[in-house]
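Here is the structure we will look at.
The values are calculated or read from the model by the stated rules, or taken from the named source; none is laboratory data. Everything numeric in this text was worked out from a predicted model, so none of it was measured. Here the Cβ positions follow ideal geometry from the backbone for every residue, glycine too, while neighbour counts run over all protein chains shown.
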């Protein structure tokens, strides 16, 4: 009987390991500094727990698809506050979608109807993490932010807002912090 319990436990560990590896948990986070942008965002503001920004992104998506016939593929969130030092109710963020190059001609019209923000090209601290499903967002957060915070301290940078791009076509989450 003990042998079956041991084998069952071993099988469970193997399955858990495969699951975590699939989601990039064992991947060493690598941060690079590089030029990126510009980015054009259609967004809505959000105040409160960052984990509740999903419905904000969903609303922007539905609006772009149904009213503008734009099929956005890269969602984004900009997170302004440190959740370890800011009360949950006071956390400020933006949730929405990037306007891709093939839709930039619609930008003047979109600016008349929606909140649109341009983030200029610049030097960014960049960390990429694999995106498989919603669990990847949780795993990415737990791996990316400690690595980013360590990098900030090691290089003497000041913490700033962080942008997360959920790039579904390319299967990755991109964490960006301007330098």
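Structure values in brief
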quantity: Yes/no for residue 44 being surrounded by 12 or more Cβ atoms within 10 Å (Cβ to Cβ) and part of a strand (DSSP E or B); calculated: yes
quantity: Top-ranked residue of segment 101-142 - restricted to ones that are part of a loop (DSSP other than H, G, I, E, B) and more than 19 Å from residue 40 (Cα to Cα), ranked as modelled with the highest pLDDT; calculated: 131
quantity: Residue match in segment 18-31 (condition: on the phi < 0 side of the Ramachandran plot and at pLDDT 90 or above); calculated: yes
quantity: Residue match in segment 147-160 (condition: touching a residue at least 24 places away in the same chain (Cβ under 8 Å), part of a loop (DSSP other than H, G, I, E, B) and under 23 Å from residue 60 (Cβ atoms)); calculated: no
quantity: Residue 38 modelled with pLDDT of 75 or more, in contact with a strand residue (DSSP E or B) (Cβ under 7 Å, 6 or more places away or on another chain), exposed (fewer than 12 other Cβ atoms within 10 Å of the Cβ) and at negative phi; calculated: yes
